[in-house]
Amino acid sequence: MSMALSVPVLSALIVLHLVAFVLAVGAEHRRSKATVVPDRYDERTYCVYSTSASTVYGLSAFGLLLLSQAVLNGVTGCLCFGRGLVMGTSVTAWTILFFIFSWVSFLGAEACLLGGSARNAYHTKYRGIFGGDDLSCATLRKGVFAAGAALTLLSLVGSIFFYWLHSKADTGGWHKHGEEDVGMA
């Protein structure tokens, strides 16, 4: 016998990943932009930043993706706990491959989202030098949140295939003797 595929769990995984993807794309489009402005009172310049909404979007995407991974690994037992997969079958090999793929893409997406949010929240204050025109305002490089969004979609694909294959894989020992009755004498 094998574990049944649960539509509510699958739906939760898809919704959480897709909302995280939308938030990551939104974070990419709402990255902080900076302009150098001269100070009215002296010869120094300073940076004025636009909105920092992408920090909130990025952290929200980070949290939703983390929740999705927790749901997935809670249901499947993370291949570490609970019912074990019978080794030696092709379904088990594919399950392990997609387990690794989902974790690698998840960790990459989380790194992009968290790192991008932290870097986007960093704002330079005064860096001008008297007579210097080469002030550089610290901003997040374009594409960090986009990479997080792309890795979120890859994590979605890996998670769906891992969950589907895990539900198909023979779970062996726990159901092996399910047909036998225990004598109550």
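Details
- The selection criterion, being modelled with pLDDT under 90, open to solvent by less than 40 Å² (accessible area, probe 1.4 Å), of a type in the set (A, V, I, L, M, F, W, C) and assigned to a loop (DSSP other than H, G, I, E, B), holds for L85.
- Near pairs, Cβ below 9 angstrom, 6+ apart or cross-chain, from the range 92-103 (touching a residue at least 60 places away in the same chain (Cβ under 8 Å) and of a type in the set (F, W, Y)) to any residue that is open to solvent by less than 60 Å² (accessible area, probe 1.4 Å) and not in a helix (DSSP H, G or I): W94/A169
- Residues of the range 1-28 classified as assigned to a helix (DSSP H, G or I) and surrounded by 12 or more Cβ atoms within 10 Å (Cβ to Cβ), total: 19
- All positions within the range 30-52 that are touching a helix residue (DSSP H, G or I) at 6+ places or on another chain (Cβ under 8 Å) and of a type in the set (G, A, S): S32, S52
- Neighbours by Cβ (under 8 Å, 6+ apart or cross-chain): first from the range 140-169, at positive phi and part of a loop (DSSP other than H, G, I, E, B); second of a type outside the set (A, V, I, L, M) and buried (at least 18 other Cβ atoms within 10 Å of the Cβ): G143/E28
- Look at the range 34-47: where a residue is small (G, A, S) and a partner is open to solvent by less than 70 Å² (accessible area, probe 1.4 Å) and assigned to a strand (DSSP E or B), sitting 6+ places away or on another chain with Cβ atoms under 8 Å, you get A34/C47; A34/V48; A34/Y49.
- Taking the range 45-60 as the range and being among the β-branched types (V, I, T) and either in contact with a Cys (Cβ under 6 Å, 6 or more places away or on another chain) or open to solvent by 50 Å² or more (accessible area, probe 1.4 Å) (or both) as the test, the residues that pass are V48, T51, V56.
The values are calculated or read from the model by the stated rules, or taken from the named source; none is laboratory data. Treat the numbers as computed from the prediction; the structure is a model and nothing was measured. Here the Cβ is made from the backbone with ideal geometry for all residues, glycine too, and neighbour counts use every protein chain on show. All accessible areas refer to the heavy atoms of the entire protein, side chains included, with ligands and DNA or RNA removed. Shrake-Rupley method; radii C 1.70, N 1.55, O 1.52, S 1.80 Å.
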